[in-house]
Amino acid sequence: MLSKDDILKKLSSENYFIDLKSLEIFISDWKIDAVYEDENGVEYYDDISVKKIRRGISLKAQGYPDETIAEKLDDKKETAEQPAAVQPAAAIVPEGNAVQVQETERPQKLRNLTLDISSQTLQMLAEAVAKKISDDIRESDFAQNLIEAGGYKKDNEILSKQIAELLDENKKLSARIETLESKKSFWERLFG
């Protein structure tokens, strides 16, 4: 596997003189995908990519536009130049809420590497999203308001029970006062 600097050195040794910026533009415009990207963001390409770049530079020198070059580099002729040990690799393409699997031709070693990176990337992405959501919920005013509202609800329930008990006691006291007043008037009439 070759980094962009390695590709420049290889092309320079073959009398293709381009700079890094031109190489990056060619890779982008001609849709040449990296085989691997390390943790520092350095992309690596295989020999097939270098052949496509060489062919693209030749076509560019002949005056072809970038769209035509990209189509020509994507032709089936390029797959004939691939090594004999080629296995189809699954490429995951999101489509709405469903996930579709497309078959592409890649060497066996690269196929495993690409699938491993994809599953690791998806796992890291899922963990990052879950952490972000958890942090946002913990730090938001909404979460604090819910916690406080839960505490207020509990306090309100306790107060409601105490008020119900006080009302019952008040009814009992009211009934007792009425009986005492009725007895008082009887005794007042009798002694009074």
Exercise for review: List the number of the failed condition for residue 6; all other conditions in (1) of a type in the set (D, E, K, R); (2) more than 29 Å from the chain's Cα centre (by Cα); (3) in a loop (DSSP other than H, G, I, E, B) hold.
Suggested key: (3)
Point to revise | Checklist (1) modelled with pLDDT of 80 or more; (2) farther than 30 Å from residue 121 by Cα applied to residue 40, failing item | key: (2)
Check your understanding: Is at least one residue of segment 97-106 exposed (fewer than 10 other Cβ atoms within 10 Å of the Cβ), at pLDDT below 80 and over 30 Å from residue 46 (Cα atoms)?
Key -> yes
Practice item. State yes or no: is residue 91 exposed (fewer than 10 other Cβ atoms within 10 Å of the Cβ), closer than 30 Å to residue 34 by Cα and at pLDDT below 70? Key: no
Review point. Within segment 2-15, can you find the residues that are of a type outside the set (D, E, K, R) and in contact with a Leu (Cβ under 9 Å, 6 or more places away or on another chain)?
Key: 7, 8, 11
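Okay, residues lined up against (1) of a type in the set (Asp, Glu); (2) under 30 Å from residue 36 (Cβ atoms); (3) at pLDDT 70 or above:
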position: 116; (1), (2), (3): yes, yes, no
position: 120; (1), (2), (3): no, yes, no
position: 134; (1), (2), (3): no, no, yes
position: 163; (1), (2), (3): no, no, yes
position: 168; (1), (2), (3): yes, no, yes
position: 176; (1), (2), (3): no, no, yes
position: 179; (1), (2), (3): no, no, yes
position: 192; (1), (2), (3): no, no, no
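The values are calculated or read from the model by the stated rules, or taken from the named source; none is laboratory data. Quick caveat: nothing in here was measured; it's all calculated off a predicted structure. Virtual Cβ from ideal backbone geometry, glycine too; neighbours counted across all protein chains shown.
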